[in-house]
1. Filter the DSSP H helices in the chain by two things, a Kyte-Doolittle mean of at least 0.5 and an axial alpha-carbon span of 15 angstrom or more, and list the hits by number.
2. Answer rounded, prolate or oblate for the stretch 174-220, using the Cα gyration tensor with square roots of eigenvalues a ≥ b ≥ c: rounded when a/c is under 1.5, else prolate when a/b is larger than b/c, else oblate.
3. Spin-label point model (7 Å from Cα, Cβ direction): what's the THR43 to ASN118 distance in nm?
4. Just to check, using Stokes-Einstein with a Kirkwood Rh over alpha carbon pairs, what's the diffusion coefficient of the chain at 10 °C and 1.306 mPa s in µm²/s?
5. Just how much of ILE17 is accessible, in Å², when a 1.4 Å probe is used and the result is rounded to the nearest 10?
6. Longest span of the chain, sites excluded, free of GluC sites (Glu not before Pro) in DSSP loop with at most 10 other C-beta atoms within 10 Å?
7. Under a GNM of the chain (C-alpha, springs under 10 Å), which listed residue has the highest mean-square fluctuation: GLY65, GLY77, GLY213?
8. Hey, with R₀ at 35 Å, roughly what FRET efficiency would ASN15 and GLU188 work out to, going by the Cβ-Cβ distance, to 0.05?
Amino acid sequence: CHPSRDNGNGRTVRNVIEALQRAMARRVVQSKSTDKASLQTLTLSDLQVVAEEQAAARLEGNGAGHHIAEAATKKAGLAMWNKNYQLSNPNEQLYRMVRESQRLSKSLSGFNSALLGNLQRQCKAGLTDLVAKLNKKIQVTCEEDLPEMTSTLENTGKLTVAQFEALVMPMQITSQEAFYLLKIFSEEELPSPLDSLQEPALRCESAMDDLRGQSILAPMEMAVQALTAY
């Protein structure tokens with residue numbers, strides 16, 4: 001479910017009007033009606049046909065929401081997602097997609113159409129999946145991985161230099177993911193349902209601070225141990 005980039009602009013309005021004219025023309029031709037009223041009147045069926053066409057064109061396929069949901073399942077997924085979308089402001093893309101999906105999904109409920117009903121359910125399911133995967137990302141990154149790394153660094157006396165060096169890359173990746181989570185959820189007016197994740201996501205900051213403080217102390221402790229080993 002992904003709203004197209006031309007939502008709300010003049011091109012969309014023109015496309016809808018032209019689509020309504022085509023739908024009316026097809027109906028008149030198929031009914032073989034010749035009276036003037038038929039040629040000048042839009043019906044509910046015309047509107048439904050156009051709504052189905054526009055919704056299918058706008059909402060089907062994999063857009064920003066699908067991509068970030070998949071990124072949230074990978075170790076360095078958010079970093080890659082930001083890199084891929086950096087020219088189009090990735091967070092704004094996400095907020096816009098969520099707002100437009102909510103708005104369009106609500107609009108579709110006014111039609112008695114199996115196709116539109118199916119698209120509406122797809123949009124709702126997509127947003128639910130997005131929230132679930134981002135929530136899992138927050139839990140794993142900020143409530144499990146970062147505290148575990150901090151705890152490991154607290155026991156540097158049990159680590160060799162090689163073991164410490166092996167921790168550096170995972171710490172960088174995990175910290176970067178936490179940083180991007182904070183960027184996503186630090187917006188003051190997050191669209192629903194993303195706003196439900198704001199409080200847990202902002203806890204990432206304290207987890208990052210703990211790791212940052214311990215990562216500064218750890219090399220100093222290891223240096224002291226190395227100097228006093230002889």
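The values are calculated or read from the model by the stated rules, or taken from the named source; none is laboratory data. Nothing here was measured: the structure is a model prediction, and the numbers come from that model. Virtual Cβ from ideal backbone geometry, glycine too; neighbours counted across all protein chains shown. Accessible surface is based on the protein model in full, side chains and every heavy atom, while ligands, DNA and RNA are left aside. Shrake-Rupley method; radii C 1.70, N 1.55, O 1.52, S 1.80 Å.
1. Both cut-offs are met by 161-185.
2. Because a/c hits 1.5 or more and a/b exceeds b/c, the stretch 174-220 counts as prolate.
3. Taking the simple label geometry, THR43 and ASN118 are separated by 2.4 nm.
4. 75 µm²/s
5. 90 Å²
6. Answer - 1-187.
7. Highest fluctuation of the listed residues: GLY213.
8. So the FRET efficiency works out to roughly 0.55.
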